[in-house]
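Accompanying notes for the structure given below.
All of the numbers you see were taken from the coordinates with simple rules; none came from a lab. Just so you know, these numbers come straight off a predicted model, no measurement behind them. Cβ: placed from backbone, ideal geometry, glycine included. Neighbour counts: every protein chain shown.
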Amino acid sequence: MATLTSKQLYAAKAVVFVICLLPLAYIIYAALTQSLGTDPVKSLIHQTGDWAIRLFVLTMAISPMRAWFAWGSALRFRRMLGLYTWFYTSLHLFIVTTYIFAWDWQLAKIELAERPYIFVGFAAWVLMVPLGLTSNNRAVRALRKNWARLHMLVYPALLLAWLHIAWQVRSSYFDAVLYGVLIICLLFQRFQKLQKRL
Amino acid sequence: MLIRTPSDILSSEITPESVYLKRRQFMQGIGIGATALGLGLPATGLAASEDPRKDLEFSPVVAKADNPFYTDENMPSFAQASSYNNFYEFGTDKTDPAKNAHTLTTDPWSVQVEGDVAKPGSYPLEDIMKLMTLEERIYRLRCVEAWSMVIPWVGFSLAEFIKMFGPTSNAKYVEFTTLYRRSEMKGQRSAFSVIDWPYTEGLRMDEAMHPLAFMSVGMYGKTLPNQNGAPIRLVVPWKYGFKSIKSIVKMRFTSIRPKTSWQGIAPEEYGFYANVNPEVSHPRWSQAYERRLPSSLLSPSRIKTEMFNGYGEQVAGLYKGMNLRRHY
């Protein structure tokens, strides 16, 4: 695929930026028109969680895309997708804290301790915090080599996010299998790259 | 906070019979007209747009605060109660059953009665309907997933039903089985399902004979929609919703405690009793609170869950001396 000129890149980025906002726009629209269904809380939790994992996998697919499609420009979208992943994950966490725990720290503490799937989900978000905060150019320059090292945290975050899904399997394995296969593919490509280098 | 609203919501939710019949005639008229004009509209299209539910004759519940068969708590609309269901035979999403259950044929239907009873056999539904007197019960339904709804059921007492078959003294438990019909039940064909079909549930005999235990054939004054367990289902209001098994084809009386579906899938998560208990939390959900549906984001109607779903006064005696933490 062709490398984009800076003008094209600017336009493409604007398009991706807007596309990533569409799920949020839909959620707000559905909330305002009260069309989130009979159990709007559950619906909000599922929708924000679904978009978080989708964007997470897409973010992680960027660097293999360079190899598979020889498309160098793909990398220019990674930061935005990563930040959107963090954004939808934060929204997911905010809705759970507001509607399930009702900002009752005592209850939240019990839930975190007793329910491992909630704990790993929360841990994935915690790992995203330093990544999100150091995503700007200044931090990249300041951290130099350490920036890449720090951002290796996406891998445990991704595995924790998957565990968060898999641990909730109750009646259908579909999501757990789907994201599991995608994640294995993405990790396999990196593993191959690593092997070549050695 | 529990928001109480007047019970006159009920009457507005039920379509008056005259209006219902008029609509029916109108729809049939369209059908005949379309055929006469040779438009060749597919019959299924028309059938799907027509409400297949039939009106039921029943004695309304006595609206008194001390009547355990009644509650004046806020009720969902029929549309809400029939579009938010757990019925994994038709898919695992809450909205799946309403989309997929139209494929189910509920006529003819019969219930097979087996085991320790004087009168085993296959009981056709129309015979059952002739023998039983229908009444209304307005019960709270608490799902193990920490949401709940108040539903106006129509049906008959399970105890009266069971007496018809003459259970012997050997009958200590009754096991219920849902229909297994892959061709009509999408979820049963799913490769990702964790359930070993058919779905089964069970009650201890004294639980089954309790006056609150109910067999439902309808809700909101009409026969059940398929997604709510047509044509006949159990309603046990003091237990989590998954005990209230749907579309029942078999009842087996036995001296041995039956294995239920959810126990088979995750015994540490789902016990045989499954009584609503805010103190025993489920590995996935705290049971201390529930969302009373319908809820909105501005008033999420998050309420404290009550022991035995608020039916403790009636049913606590069944479990005297039992450790309910161990027998969850």
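How many nm separate the modelled label positions at B:D51 and A:L143, each set 7 Å beyond the Cα in the direction of the Cβ?
Using points 7 Å along Cα→Cβ, the separation is 5.9 nm.
Treating the beta-carbon of each Lys and Arg as +1 and of each Asp and Glu as -1, no other charges, what is the dipole magnitude of chain A about its Cα centre, to the nearest 20 debye?
It works out to roughly 1340 debye.
Mind giving me the nanometre distance, one decimal, between the label points for B:K259 and B:V280, set 7 Å out from Cα along Cα→Cβ?
The modelled label-to-label distance comes out at 2.0 nm.
Output needed for the stretch A:63-150: three equivalent-ellipsoid semi-axes, defined as square roots of 5 times the C-alpha gyration tensor eigenvalues, in descending order, whole Å.
Value: 32, 15, 12 Å, ordered largest first.
Mind jotting down the three principal axis lengths of the stretch B:197-277 based on Cα atoms? Whole angstrom, largest first.
Largest first, the stretch B:197-277 extends 37, 28, 27 Å along its Cα principal axes.
With a 10 Å Cβ neighbour count serving as the proxy for reagent exposure, in which order, fewest first, do B:D196, B:D66 appear?
The order, fewest Cβ neighbours first, is B:D66, B:D196.
Considering Cα pairs under 8 angstrom that are at least six residues apart, work out the relative contact order of chain A and quote it in whole percent.
Relative contact order comes out at 19 percent.
Using just the helices of the protein assembly as shown, give the 222 nm mean residue ellipticity in deg cm²/dmol: DSSP H runs with n ≥ 4 each add -39,500 (n - 2.57), and the total is spread over all residues, rounded to 500.
After summing the helix terms and dividing by residue count, I get -13000 deg cm²/dmol.
Can you pull the mean other chain C-beta count within 10 Å for peptide B:190-201?
Across the residues of B:190-201, the mean count of other-chain Cβ atoms within 10 Å is 2.
Could you list the residues of the stretch A:160-198 with an amide nitrogen less than 16 Å from a label point located 7 Å from the Cα of A:W68 in the Cα-to-C-beta direction?
Correct set: A:178-193.
Need one number: nm distance between label points at A:L178 and B:D93, each 7 Å from Cα along Cα→Cβ, rounded to one decimal.
Those two pseudo-labels are separated by 0.9 nm.
Shape verdict for chain A, please, from the Cα gyration tensor: rounded (a/c under 1.5), prolate (a/b greater than b/c) or oblate.
prolate
Counting only other chains, and only Cβ atoms inside 10 Å, what mean value do you get across the residues of A:37-49?
That average works out to 5.
How big is the dipole moment of the stretch B:52-319 about its Cα centre under a simple scheme where the beta carbon of each Lys and Arg is +1, that of each Asp and Glu is -1, and everything else is neutral? Debye, nearest 20, please.
440
Give me the three principal axis extents of the stretch B:56-198 from the C-alpha atoms, as integers in angstrom, largest value leading.
The principal-axis extents, from largest down, are 41, 40, 28 Å.
Give me the extension gain from B:L318 to B:A118: residue separation times 0.36 nm, minus the current Cα-Cα distance, reported in nm with one decimal.
This chain segment gains 69.5 nm when fully extended.
Using mean Cβ contacts within 10 Å as the protection proxy, how do B:131-141, A:125-135 order, highest first?
Result, highest mean Cβ count within 10 Å first: B:131-141, A:125-135.
Give the span of chain B's Cα atoms along each principal axis, as three whole-Å numbers ordered largest to smallest.
Its Cα atoms span 71, 50, 42 Å along the three principal axes.
List the relative contact order of the stretch B:52-319 as a percent without decimals, with contacts defined as Cα pairs under 8 Å and 6+ residues apart.
Worked out over the stretch B:52-319, it gives 22 percent.
Return the average number of partner chain Cβ atoms within 10 angstrom of each residue Cβ along peptide B:285-296.
4
Within a 10 angstrom radius of the beta carbon, how do A:K42, B:K239 rank from fewest other beta carbons to most?
A:K42, B:K239
Which value results when the Cα radius of gyration for the protein assembly as shown is divided by 2.2 N^0.38 Å?
Normalised Rg, Cα atoms only: 1.13.
Using the Cα gyration tensor of the stretch A:10-123, with a ≥ b ≥ c the square roots of its eigenvalues, what is the shape: rounded (a/c below 1.5), prolate (a/b larger than b/c) or oblate (neither)?
It comes out oblate by the Cα gyration axes.
How big is the Kirkwood radius of the stretch B:244-310, worked out from every pair of different alpha carbons and given in Å to one decimal?
14.5
Suppose every K and R has +1 on its Cβ and every D and E has -1 on its Cβ; what is the size of the dipole of the protein assembly as shown about the Cα centre, in Debye to the nearest 20?
Value, rounded to 20: 3060 debye.
For a protection proxy built on the mean count of beta-carbon atoms within 10 angstrom, sort B:220-227, B:71-78 highest first, please.
Per-residue mean Cβ counts within 10 Å order the peptides as B:220-227, B:71-78.
Quick one: check the C-alpha center-to-center distance for the stretch B:76-118 versus the stretch B:300-316, whole angstrom.
25
I need the peptides B:248-256, B:148-156 ranked by packing, meaning the mean over residues of other C-beta atoms within 10 angstrom, with the highest value on top.
Ranked from most to least packed, the peptides come out as B:148-156, B:248-256.
I'd like the distance between the alpha-carbon centres of the stretch A:78-154 and the stretch B:214-276, rounded to an integer number of Å.
Between the Cα centre of the stretch A:78-154 and that of the stretch B:214-276, the gap is 40 Å.
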